[in-house]
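S.K.: Encoded as structure tokens, here's the structure I'll be asking about.
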Amino acid sequence: MVCPNSNPVVQKVCELYEQISRLENLSPCKDVNMLFTDLVHTCMPPNPIDVSKLCQKIQEIRSHLIKLCGEAEGLLESHFSTILATYENPLDHLDIFPYFDNYIKLSLLEYNILTKNTTKIPNKIAFVGSGPLPFTSIVLATKHLTTTYFHNYDIDAGANTMAAALVAADPDLSERMTFHTSDIMDVTCALKDYDVVFLAALVGMDKEDKVKVVDHLAKYMAPGATLMLRSAHGARAFLYPVLDPRDLRGFEVLSVYHPTDEVINSVIIARKLPLPCVQPLDGLGTYVLPSKCACAEIHAFNPLNKMNLIEEFGLEE
């Protein structure tokens, strides 16, 4: 395990964590904005650090810090969604959000990765964890996938109400964008209808929860459908949960991309395998294959697991 003071970045992150954890609330204000901006700038530069090898104390700090980042991000998005809703056409003013350019770059990156690894324009996309500012869906729908229908899922009804208000004045987007208030773990047969499913970085605040979501998607997504996930790499893993590509049971990992610029999230793209790769209960194993309205069981004898080749590649902007 790595001692906390052996790495200056880890030491700086711990100092910022102490200051952030003492804040009375994380709503946007001068002190909150300054501390989180400093945190992002500390974690952004490429760094070979492996957070999984840090000592237990730092692991606990990281876990709590990710939750604080998630809370602050949600409050920031709600704040600006409320401001945007005061405009006659909110979509004309999205650039008031301080990190809007990052979403433009991230959406372009994900679109390029998607088109590199698929052969057709998706008809229906699900975005899980869309929040009060569904920037990815909006940017993809207006700039890249102009005929695709987007179904946005969030567990927070208030966030969906705010998000829907942003596109209500636009006749095209209000027709092509739908908002569902649901826990994605309760969505089953509907997942078979989507060509692509995006999983937001903060859906599943730790590895165990995120793997449960991925396993659920593997059970109900259509064979051949595409899964786009956001993860983190290096010191950026202090800001967002990390998903190991080897944890994508039931999917063939096609590519992994780690940005080195101001785009924080890594991007993983995977394809749903024809048969679900579920751990058997015993030596013979029982595999559950979802159908449209019910599940059929397939019994297999000692199936072999195949390792997927992960290609790490760079994209030109």
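The values are calculated or read from the model by the stated rules, or taken from the named source; none is laboratory data. Since we're looking at a predicted model, the values are computed, not measured. Here the Cβ is made from the backbone with ideal geometry for all residues, glycine too, and neighbour counts use every protein chain on show. Quick note on the areas: whole protein, heavy atoms, side chains included, nothing else; ligands and nucleic acids left out. Shrake-Rupley method; radii C 1.70, N 1.55, O 1.52, S 1.80 Å.
S.K.: Given the Cα atoms of the range 180-271, and with Rh set as the inverse mean 1/r over their pairs in the Kirkwood sense, what is Rg to Rh to two decimals? Write down the numbers at each step before the final one.
M.R.: On the way: Rg = 12.9 Å, Rh = 13.5 Å.
Radius of gyration over Kirkwood radius for the range 180-271 works out to 0.96.
S.K.: Still on this structure, please answer the following. Leaving out ligands, DNA and RNA, and with a 1.4 Å probe, what % of the accessible surface on the range 99-272 is carbon or sulfur?
M.R.: Numbers: 3130 of 6250 Å².
Ligands and nucleic acids excluded, carbon and sulfur reach 50 percent.
S.K.: When ranked by the protection proxy of mean other Cβ atoms within 10 Å per residue, highest first, what sequence do the peptides 140-146, 95-101, 14-20 form? Write down the numbers at each step before the final one.
M.R.: Details: 140-146: 17.9, 95-101: 13.7, 14-20: 15.9.
Top of the packing list down: 140-146, 14-20, 95-101.
S.K.: Using +1 at the C-beta of Lys and Arg and -1 at the C-beta of Asp and Glu, which of 43, 20, 81 has the Cα lying farthest in the positive direction of the dipole of the range 8-85?
M.R.: 43
S.K.: By the gyration tensor of its Cα atoms, with a ≥ b ≥ c the square roots of the eigenvalues, what is the shape of the range 79-201: rounded for a/c under 1.5, prolate for a/b over b/c, or oblate?
M.R.: Numbers: a/c = 1.66, a/b = 1.22, b/c = 1.36.
Note, shape of the range 79-201 comes out oblate.
S.K.: What shape does the range 99-272 take by its C-alpha gyration tensor, where a ≥ b ≥ c are the square roots of the eigenvalues and a/c under 1.5 counts as rounded, a/b above b/c as prolate, and the rest as oblate? List each step's numbers first, then the result.
M.R.: Numbers: a/c = 1.31, a/b = 1.20, b/c = 1.09.
In terms of gyration-tensor shape, rounded.
S.K.: First check a/c for the range 8-85, with a ≥ b ≥ c the square roots of the eigenvalues of its C-alpha gyration tensor; if it is under 1.5, answer rounded, and if not, answer prolate when a/b is larger than b/c or oblate otherwise. Walk me through the intermediate numbers first.
M.R.: Values: a/c = 2.15, a/b = 1.94, b/c = 1.11.
Since a/c reaches 1.5 and a/b is larger than b/c, the shape of the range 8-85 is classed as prolate.
S.K.: Oh, and also: Keeping every protein chain present and rolling a 1.4 Å probe, give me the accessible area per residue for the range 8-85 in Å².
M.R.: Details: 4150 Å² over 78 residues.
Result: 53 Å² of accessible area for each residue.
S.K.: Accessible area per residue, 1.4 Å probe, Å², for the range 99-272: what's the number? Intermediate results must be reported in sequence, preceding the final value.
M.R.: Details: 6250 Å² over 174 residues.
Result: 36 Å² of accessible area for each residue.
S.K.: Can you work out the Karplus-derived ³J(HN,Hα) for every residue in the range 90-107? Use 6.51 cos²θ - 1.76 cosθ + 1.60 with θ = phi - 60°, whole Hz, and x for glycine or proline.
M.R.: Taking θ as phi minus 60°, the curve returns x, 5, 7, 10, 4, 6, 6, 5, x, 10, 4, 4, 5, 5, 4, 5, 5, 5 Hz for the range 90-107.
S.K.: Going down the list 105/207; 12/272; 57/210, which pairs span over 32 Å between their C-alpha atoms? Mind showing how you got there, number by number?
M.R.: Details: 105/207 26 Å; 12/272 40 Å; 57/210 22 Å.
Long pairs (Cα-Cα over 32 Å): 12/272.
S.K.: Name the aspartates and glutamates eligible as straight-distance cross-link partners of residue 67: C-alpha to C-alpha under 16 Å, and not fewer than 8 places from it in the same chain.
M.R.: Excluding near neighbours in sequence, the set is 18, 24, 77, 206, 208, 209.
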